[in-house]
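Report on the structure given below.
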Amino acid sequence: MGSLTVSSTAAATGTANTTNKDREGAEIIRGAEACYAHSKELLKSMGFPGGVMPMRGLEECGLVRATGYVWMRQASGKQYEHTFPATGTKVRYDAEVTAYVEQGKMKRMTGVRSKQMLMWVPIVEMSLDGERNDKVYFKSAVGIGRSFPAAAFPDEDEVDVAAGDVPVAGDEK
């Protein structure tokens, strides 16, 4: 069972990617089930398909409503890879993923990389695209982006997303 904590400071949860100030006033959720439900609800409330960020085994996630800052931390403390079958895209999630969220957009993302050719390219933004927000656009750190149909990211309840998950050994970047 998970728990919800509203924190005035987040010294205990800060990482090298963030400062304590980023997490000030955060709603902090702990526990795998509670984090799964919270992250799924957040994605859907922003208009994204439920399977676009299939992060597994979360131990903590948080949201600062005033700024839109979010983070998701995996219990293993390690990276893992996921392959999206409908796009053939391999994505690597760091032990912690952070972003600033608003309706239809996640920006200033950290901890998410996509394998393009032989390189892991950081994904810094994800947004809804198309006339009916029926596409998801991913933007890399160098400004190059790519769109995929939103239907390519079905909710975990609709398919076995775990089939594309592979643990990553070491701290490869």
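A short reminder: the numbers here are calculations on the coordinates, not readings from a lab. Predicted model, so just to flag it, every value in this text is computed and none were measured. Don't worry about glycine lacking a Cβ; one is built from the backbone with ideal geometry, like all the others, and counts go over all protein chains shown.
Nearest 0.05, what FRET efficiency do GLU131 and ASN20 give at R0 = 25 Å with Cβ-Cβ as r?
Working: r = 42 Å, r/R0 = 1.67.
Plugging the Cβ-Cβ distance into 1/(1 + (r/R0)^6) gives 0.05.
Of LYS44/LYS78; LYS21/LYS78; LYS115/LYS139, which ones are farther than 23 Å apart at the Cα? Don't skip to the answer; put the middle values down first.
Working: LYS44/LYS78 26 Å; LYS21/LYS78 25 Å; LYS115/LYS139 13 Å.
Too far apart for the 23 Å limit: LYS44/LYS78; LYS21/LYS78.
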Restrict the search to the range 43-122; then list the trypsin sites (Lys or Arg not before Pro) that DSSP places in a loop and that have at most 13 other Cβ atoms within 10 Å of their Cβ. ARG65
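Please report, in debye to the nearest 20, how large the charge dipole of the range 71-134 is about its Cα centre when each Lys and Arg carries +1 at its beta carbon and each Asp and Glu carries -1 there.
On the way: 10 positive and 8 negative charges, 54 e Å.
Computed about the Cα centre, the dipole is about 260 debye.
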If eta is 0.890 mPa s and T is 25 °C, what Stokes-Einstein diffusion coefficient results for the range 46-164, Kirkwood Rh from Cα pairs, in µm²/s? 168
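Which whole number in µm²/s is D for the range 17-70 by Stokes-Einstein, with the Kirkwood Rh taken over Cα pairs at 20 °C and 1.002 mPa s? Each step should come with its number before you reach the end.
Working: Rh = 11.7 Å.
Translational D for this selection: 183 µm²/s.
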What FRET efficiency would be calculated for the residue pair THR83, SER45, taking the C-beta separation as r and a Förster radius of 30 Å, to the nearest 0.05? 0.70
From the phi of every residue in the range 60-74, what ³J(HN,Hα) in whole Hz does the Karplus formula 6.51 cos²θ - 1.76 cosθ + 1.60 yield, where θ is phi - 60° and glycine or proline is x? 7, 9, x, 9, 9, 4, 5, 10, x, 6, 10, 8, 9, 10, 7
Counting only residues 5 or more apart in sequence or on a different chain, those whose built amide H sits under 5 Å from that of TYR69 are VAL64, VAL101
